[in-house]
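Q: Got a structure here, written out as structure tokens. Questions coming.
The values are calculated or read from the model by the stated rules, or taken from the named source; none is laboratory data. Please read all numbers here as calculations on a predicted model, not as lab measurements. Please note: Cβ atoms are built from the backbone with ideal geometry, for glycine as well, and neighbour counts cover all protein chains shown.
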Amino acid sequence: MVTAPPRPDIAWHALSAEAATERLQSSPSGLSAGEAARRLAEHGPNRLPSAAPRSALRRFLGQFSNMLIHVMLASAVIVALLGHFIDAAVILGVVLVNAVVGFVQEGRAEQALNAIQDMLTPHASALRDGARRTVDAGDLVPGDIVLLEAGDRVPADLRLIRARGLRIEEAMLTGESVPAEKAVAAVAEEAPLGDRASIAFSGTLVAAGQATGLVVATGPATELGRISGMIGAVQTLATPLLRQMDIFARRLTFVILGVAALLFAFAWQLRGYAMGDAFLAVISVAVAAIPEGLPAVMTITLAIGVRRMAARRAIVRRLPAVETLGSVSVICSDKTGTLTRNEMMVAAVDTALGRFEVTGEGYAPEGAVTLEGERPAEAAQALLARLARASTLCNDAALREEAKDGWVVAGDPMEGALLAFAARAGVPAEAARLRFPRRDEIPFDSRHRFMATLHADHAGAFACVKGAPERLLGMCDRQRGEDADTPLDAAEWAGRAEALAASGLRVIAVAERAMPQGTTALAEADVEGGLTLLGLLGLIDPPREEAVAAVAECQAAGIRVKMITGDHAATAGAIARQVGLRGAGSVITGADLDTLDDAALRARAKESDVFARTSPEHKLRLVEALQADGAVVAMTGDGVNDAPALKRADVGVAMGQKGTEAAKEAAEMVLADDNFATIAAAVREGRTVFDNIQKVIAWTLPTNGGEALVVITAILLGLTLPLTPVQILWINMATASTLGLVLAFEVGEADLMRRPPRSPKDPLLSGLLVWRVVLVSVLFTLGTFAIFGLSQGRGLSLEASRTAAVNTIVVMEIAYLFSVRFERSTSFTWRGAMGTRPVLIGVGTVVLLQLAFTYLPPMQALFGTTALHPLWDGLPILAMGLVLMLVLEAEKLLRRRLTAQRG
């Protein structure tokens, strides 16, 4: 038997089972062993391709791709050319530490494809040569006949041939909270993924029932494989900080080289410097201007943010994601398990005596059932108890309390929700089942869409039935009232069911019927008519309480929260309203998105906040559309269907507890507690990190600029250099690793989550920072020359004058540190004066280093320094630091007032 490989454009769900079997030239008895082997050689194994990992060497060398790292390496070469090999080794050591930190943090390469591959079951039951055989799942081929039972993981994409009571958990692909009902009948060709009831998708889990299916796609051709290919094709974007740092480093390099070349020509040609002296002076400027410690300090700042987030149950897999969180302007969230608890709950009960409301959390028996906010009257309570009893008896699930996870359901989540409702209504499952033992049952089947059970006690026998409202209403002729049964108005109840469904609830009808005494068997004919309707149950996967507060906090911070789910539009809209999404009134479906071109999609993605019945392609397109509109996007999710969008987003956030390995590997951050509220905390931490990075830059560039301007001014004016290259290097090494680093430990300022998100288009070197560099550099130059000139005027040696100049710069750097810690408030407060523990440690360390630099003979010999008089030489130096801080605080106050006036 010869067959062509199945075309990927065939809509197998729209073909009848017979047509699909004929198309693949198979039969109900399966393939022969020989034909299966031939097809395996033709189509390849039923496995997904593995991602090609980068070698450890390539990953390590990749840490040196940053332009500022190149600047640091160049500075090490320059220092080595000066003969200061120890100093060059120190700079290279900083570069190496930076590379090692990045290598360790990013050591786990992209493994999303491998993670999905692990989801394929290793074995499957298939018909070969007419007999049932257990075969390696990797050996399945198109045309194989596969047998499924409850608990099996579907080994390939199957076109169902037979199905009985089949329900499959497809949340990993569709995002739906409850198992999908499957049937053999073909569906419309344009049906979305979640409505393709005739297909069992590879990697999904059989929750209940039995089935026989025809393999129509294997390996990369399956829906799971198609998502795998999307993940591999997704381009991971550089973070805003890395993009801006690269631009900044390039510009800084060109500026430094240009200034150095002009300065060399000026000193040699116009000032009459010898070529060697001119070269030495230019090297002094380069050493002063290059912020060689900045990348390392920035990396440490990010690492501190990682540690703080880990304490908040947010595990960051890649360092730059910390800063990116601070720039997030849109959070695209999955619904199931992210904004909701991923636990079904009965929220409303509609009866002939009114609508009851149910409170409680998850599957715990604690809670209450009220009627219009009050405890039900006796008649209503009796009807409620009857309904709860039927919900418990016509039920195969069980609830149990576990030490780690609390109350969990064994069985169907919706049936578990019915048991929790019954317990809250005062009907414990154990007692009801013990009193009314089950005699017979009719299992749920998608053909008749109901389940029925037979029970009896000393008073008589009765049947309990639950199922789809549209089915049960046709089986009922009466309804339970206050005192007796009354005739049923089917149209009225159909309207009630539609109203519940329109509010986002999944609706189940519950009925019962008295049976003759001694009945021991139950047939479909016994319950297809003559039932008494007890009521309708509306179930929902409720939102997390903490998610509501987190959404409000994010929206107050200017962050737009959007829900993107595979669930139905009504359910998505209901949850969106409950969690407080601003655009909850308008729900866009995947079918709507298919009609939009890229430009229209960008407009709808920006305006709308709720997207339902979406596929992996829809999620990916939405993320790309938002990014094209300039948004920095965080995407949350837990399923395989979320992985492509997680990888594409600026920050992918996976659920740690209920998330698939594929989602975790595609994400930059994993929430250990699956709590949306943790995202808000992570955003706060990300904003703190970016603030601290800005403070590090705002401290580093002006202090380096001040050192460089001192040398440039001396050359331009033909003055003696107040600093030597090795002394400048000492200042950089002694302060960058101490004073610059303490800013990484600063806590967030009070208005952190009341500011709008930072635009990714905002330059790293803002106008304010440029002004600060100019102002502080000039003040540093004036202060340094003032002390250097004062020392020379008092007759001190050149070595003593330079020693005083070096100490002046360090004191001014300490004073500037206290000023830059508070950008939006004054530093002249008790908190500002006392500093934090890292600030005090940093300042104390620098003071000890400067004392050693000034007074220890080995340091004097190495750096050309000499001892200073603590009183006559020290007081003017300390006064210069105080003057600097007064000037900067006055400038800060004036700037705030001008801003307030403009506002």
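Q: Can you tell me which residues in segment 195-206 are over 9 Å from L166 (Cβ atoms), under 30 Å from the mean Cα position of the chain (by Cα) and either not assigned by TED's automatic domain parsing to the domain that holds E22 or not basic (K, R) (or both)?
A: Within segment 195-206, D195, F201, S202, G203, T204, L205 qualify.
Q: Residues in segment 326-372 that are in a helix (DSSP H, G or I) and in contact with an Asp or Glu (Cβ under 7 Å, 6 or more places away or on another chain): how many? Outline the logic, then answer.
A: Of the residues in segment 326-372, the ones in a helix (DSSP H, G or I) are 326-327, 335-339.
So of that shortlist, the ones also in contact with an Asp or Glu (Cβ under 7 Å, 6 or more places away or on another chain) come out as 335-338.
Summing the residues that are in a helix (DSSP H, G or I) and in contact with an Asp or Glu (Cβ under 7 Å, 6 or more places away or on another chain) in segment 326-372 gives 4.
Q: Continuing with the same structure: Which condition from (1) among the acidic types (D, E); (2) under 30 Å from R38 (Cβ atoms); (3) modelled with pLDDT under 90 is the one that D144 breaks?
A: Here D144 meets the rest and fails (3).
Q: When you scan segment 481-492, do you find a residue that is in contact with a helix residue (DSSP H, G or I) (Cβ under 8 Å, 6 or more places away or on another chain), of a type in the set (D, E), touching a residue at least 24 places away in the same chain (Cβ under 8 Å) and in a helix (DSSP H, G or I), even just one?
A: No, there is no match, as no residue in segment 481-492 is in contact with a helix residue (DSSP H, G or I) (Cβ under 8 Å, 6 or more places away or on another chain), of a type in the set (D, E), touching a residue at least 24 places away in the same chain (Cβ under 8 Å) and in a helix (DSSP H, G or I).
Q: I would also like to ask the following. List pairs: first in segment 848-860 and closer than 13 Å to V806 by Cα, second of a type outside the set (A, V, I, L, M, F, W, C), Cβ under 7 Å, 6+ apart or cross-chain?
A: These pairs meet every condition: Q850/N807; F853/T865; T854/T803; T854/N807; T854/T865; Q860/T866.
Q: OK, next. Out of P644, P722, I need the residue that is in a loop (DSSP other than H, G, I, E, B) and surrounded by 24 or more Cβ atoms within 10 Å (Cβ to Cβ). Which one? Quick ask: steps written out before the conclusion?
A: Details: P644 fails: in a loop (DSSP other than H, G, I, E, B).
It is P722.
Q: Taking the residues in segment 725-740 that are among the β-branched types (V, I, T) and in a helix (DSSP H, G or I) as candidates, determine which candidate is modelled with the lowest pLDDT.
A: V726
Q: Going through segment 373-388 one residue at a time, which ones are in contact with an Asp or Glu (Cβ under 8 Å, 6 or more places away or on another chain) and more than 21 Å from A484 (Cβ to Cβ)?
A: G373, the sole residue that qualifies.
Q: Has segment 161-183 got any residue that is in contact with a helix residue (DSSP H, G or I) (Cβ under 7 Å, 6 or more places away or on another chain), within 21 Å of N46 (Cα to Cα) and in a strand (DSSP E or B)?
A: yes
Q: Evaluate the following for H458: is it surrounded by fewer than 23 Cβ atoms within 10 Å (Cβ to Cβ) and in contact (Cβ under 8 Å) with a residue 24 or more places away in the chain?
A: Values: surrounded by fewer than 23 Cβ atoms within 10 Å (Cβ to Cβ): yes; in contact (Cβ under 8 Å) with a residue 24 or more places away in the chain: no.
So H458 fails the test.
Q: Still on this structure, I have one more. Given the criteria under 45 Å from the mean Cα position of the chain (by Cα), closer than 17 Å to F444 by Cβ, surrounded by fewer than 20 Cβ atoms within 10 Å (Cβ to Cβ) and of a type outside the set (S, T, Y), does R506 qualify?
A: Details: under 45 Å from the mean Cα position of the chain (by Cα): yes; closer than 17 Å to F444 by Cβ: yes; surrounded by fewer than 20 Cβ atoms within 10 Å (Cβ to Cβ): no; of a type outside the set (S, T, Y): yes.
No; evaluated as a whole, the condition is false for this residue.
Q: Tell me, which residue of segment 608-627 that is within 17 Å of S329 (Cβ to Cβ) and touching a Gly at 6+ places or on another chain (Cβ under 7 Å) is surrounded by the most Cβ atoms within 10 Å (Cβ to Cβ)?
A: For segment 608-627, the residue satisfying everything is D609.
Q: Could you tell me whether any residue of segment 420-429 is in a helix (DSSP H, G or I) and of a type outside the set (A, V, I, L, M)?
A: Yes - at least one qualifying residue is present in segment 420-429.
Q: Just checking, how many residues over segment 365-394 are among the small types (G, A, S), surrounded by fewer than 19 Cβ atoms within 10 Å (Cβ to Cβ) and in contact (Cβ under 8 Å) with a residue 24 or more places away in the chain?
A: Here the count works out to 4.
Q: Here's a follow-up. Got a number for residues in segment 660-702 being over 11 Å from the mean Cα position of the chain (by Cα), part of a loop (DSSP other than H, G, I, E, B) and surrounded by 24 or more Cβ atoms within 10 Å (Cβ to Cβ)?
A: 1
Q: May I pose another question? Within segment 611-631, restricting attention to residues that are over 20 Å from L339 (Cα atoms) and of a type outside the set (D, E), which residue is modelled with the lowest pLDDT?
A: G630
Q: Further question on the same structure: Looking only at segment 841-872, count how many residues are surrounded by 13 or more Cβ atoms within 10 Å (Cβ to Cβ), in a loop (DSSP other than H, G, I, E, B) and at pLDDT below 90.
A: Counting residues in segment 841-872 that are surrounded by 13 or more Cβ atoms within 10 Å (Cβ to Cβ), in a loop (DSSP other than H, G, I, E, B) and at pLDDT below 90 gives 1.
Q: Based on what the data block shows, is A390 under 43 Å from the mean Cα position of the chain (by Cα), assigned to a helix (DSSP H, G or I) and closer than 30 Å to Q657 by Cα?
A: no
Q: Are any residues in segment 694-732 under 22 Å from L851 (Cα atoms) and among the charged types (D, E, K, R), and if so, which ones?
A: E707, the sole residue that qualifies.
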